[in-house]
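Colleague: Handing you this structure, nothing more for now.
The values are calculated or read from the model by the stated rules, or taken from the named source; none is laboratory data. Not measured: the values here are computed from a predicted model. Here the Cβ positions follow ideal geometry from the backbone for every residue, glycine too, while neighbour counts run over all protein chains shown.
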């Protein structure tokens with residue numbers, strides 16, 4: 001038997017995105033989503049995931065959107081403390097991979113501390 005996964009990225013980006021993902025799931029379009037742990041809609045997405053246990057939820061590891069969860073980062077954020085919006089800027093910088101690991105661990109820890117279990121991991125950028 002072949003299983004087709006239709007995954008919706010950016011769960012947690014905003015309440016509007018969250019509602020769209022949940023509606024798509026309820027109508028049978030989406031069976032999986034990956035959650036951004038550092039965005040304004042994250043807490044809402046956690047509640048929605050718990051209310052919709054048939055939706056498989058993974059972690060959408062972020063380096064190019066929003067504010068990091070970790071403190072003390074220097075090489076993967078702008079002077080304003082936000083992630084670089086463009087991957088080419090991030091990868092042309094003096095990026096410290098230890099900072100990437102620190103931030104992704106913080107995102108993973110936040111997901112698991114919510115009580116959810118990750119079905120999978122993905123990222124906007126997976127070629128690090």
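Colleague: May I ask you to list the residues in the stretch 43-76 that are part of a strand (DSSP E or B) and over 13 Å from residue 111 (Cα atoms)?
Modeller: Selection gives 56 alone.
Colleague: Shifting gears a bit: Among 57, 5, 30, 17, which is within 30 Å of residue 101 (Cα to Cα), touching a strand residue (DSSP E or B) at 6+ places or on another chain (Cβ under 6 Å) and at pLDDT below 95?
Modeller: Sole residue among the options that is within 30 Å of residue 101 (Cα to Cα), touching a strand residue (DSSP E or B) at 6+ places or on another chain (Cβ under 6 Å) and at pLDDT below 95: 5.
Colleague: Return the residues of the stretch 77-92 that are assigned to a strand (DSSP E or B) and either at pLDDT 95 or above or out of contact with any strand residue (DSSP E or B) (no Cβ under 7 Å at 6 or more places or on another chain) (or both); say none if nothing qualifies.
Modeller: none
Colleague: Follow-up question, since we're still on this one. So which residues in the stretch 1-12 are outside any strand (DSSP E or B) and crowded, with 22+ Cβ neighbours inside 10 Å?
Modeller: Selection gives 12 alone.
Colleague: A further question follows. Restricting attention to the stretch 26-40, does a residue exist that is part of a helix (DSSP H, G or I) and within 17 Å of residue 123 (Cα to Cα)?
Modeller: Checked the stretch 26-40: no residue is part of a helix (DSSP H, G or I) and within 17 Å of residue 123 (Cα to Cα).
Colleague: Please identify the pairs in which a residue from the stretch 95-122 that is in contact (Cβ under 8 Å) with a residue 60 or more places away in the chain has its Cβ atom under 7 Å from the Cβ atom of a residue that is in a helix (DSSP H, G or I) and surrounded by 13 or more Cβ atoms within 10 Å (Cβ to Cβ), counting only partners at least 6 apart or on another chain.
Modeller: Hits for this filter: 114/46; 116/46; 116/49; 118/111.
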